[in-house]
Amino acid sequence: MQQRRVGSTGLTVSRLALGTMTWGRDTDEHEARDQLTAYVEAGGTLIDTAAGYGNGASEELIGSLLGDVVARDELVIATKAGITARRGGREYNTSRGHLLATLDASLRRLGVDHVDLWQVHIWSDETPLEETLAALDTAVQSGRVSYVGISNYSGWQTAQAATWQRAVPGRTPLASTQVEYSLLNRAVEQEVLPAAAALGLGVLPWSPLGRGVLTGKYRTGTPSDSRAASAHFANFVNPYLDERAAGIVEAVARAADGLGWSALEVALTWVRDRPGVTAPVVGARTAAQLRGALGVEELSLPAEITAALDDVSAD
């Protein structure tokens, strides 16, 4: 798999990342092992998790597979801090103390002495930005983290955070931003992507398949084994089951038919090759689904197909 640099840093990763949001909850140890094996065999190197995924279950499962399926130094491990599940909901806390305590817990669950990329999972107005970013500096200076990034920041938030880190020598520059980006959601093109490009941040798109909708699985209804049919993912998927999304999905399906590809391959290749993108984060329910995504390594969209998809998906 081709390697790309993460922004203006020296860190290189495969141009598809393995997402593990459901590991330890919907994805059990055997399925996770099969997915990680398939990913590594395809040349993948970047595995993305978060302390908030399954209340740490995802990190624990990854840690159990390190040294067995793949050696620690063959993976770029990325995790996040700032979102936790509390009292049946989600709690945002980006205070310095909470972030560093969460990092230490992540390292224990993963069974490693450092992570390669540590990201603030969410923006929070409850903590001064300089305090949040000071946690990133401490993490790097202590050797617990190699590179740092942000996630789910708006354009102005991205620019403010990245500029703050560049303003004074000794602070750790941001390496990346992780944001939702697909043919169904191109909002980041307005401000986030230009900010990232100007300030040297790599872009890691999450839900590059439009929360699964761009695969075409919902064209004729909701499959019983799909995320839209599950209690904890239905509200996540439903916003993309509207008329606008249906039109884009049909355009993707037509392009796939013409190329002899799957709809997944069309949608994933489109976002992978957008300007500024480092590596889309692909989360699959099964190893078979993941292998379908990994097959895009040999593909590139014709310019006229890309232009047509750009037109039909423009807001």
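The values are calculated or read from the model by the stated rules, or taken from the named source; none is laboratory data. Note that the structure is predicted; figures quoted are calculated from it, not measured. Here Cβ is always computed from backbone atoms with ideal geometry, including for glycine, and neighbour counts include all displayed protein chains.
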Please verify whether segment 23-31 includes one or more residues that are assigned to a strand (DSSP E or B) and basic (Lys, Arg).
-> no
Over segment 117-131, the set of residues surrounded by fewer than 22 Cβ atoms within 10 Å (Cβ to Cβ) and in contact (Cβ under 8 Å) with a residue 40 or more places away in the chain is Ile122, Ser124
Which numbered condition Val281 misses (of (1) at pLDDT below 95; (2) within 28 Å of Ala197 (Cα to Cα)) | (1)
The listed residue being modelled with pLDDT of 95 or more and farther than 30 Å from Tyr147 by Cβ, out of Asp315, Asp311, Asp242 | Asp311
Could you grab me the full set of residues in segment 70-95 that are modelled with pLDDT of 95 or more and aliphatic (A, V, I, L, M)?
-> Val70, Ala71, Leu75, Val76, Ile77, Ala78, Ala81, Ile83
Just wondering, is there one or more residues in segment 89-108 that are of a type in the set (Asp, Glu) and part of a helix (DSSP H, G or I)?
-> yes
Select from segment 1-22 the residues that are touching a Leu at 6+ places or on another chain (Cβ under 9 Å), surrounded by fewer than 17 Cβ atoms within 10 Å (Cβ to Cβ) and outside any loop (DSSP other than H, G, I, E, B) and list them in ascending order.
-> Arg5
Going through segment 175-217 in order, the residues found to be in a helix (DSSP H, G or I) and in contact with a strand residue (DSSP E or B) (Cβ under 9 Å, 6 or more places away or on another chain) are Ala187, Val188, Val192, Leu193, Ala195, Ala196, Ala197, Val213, Leu214
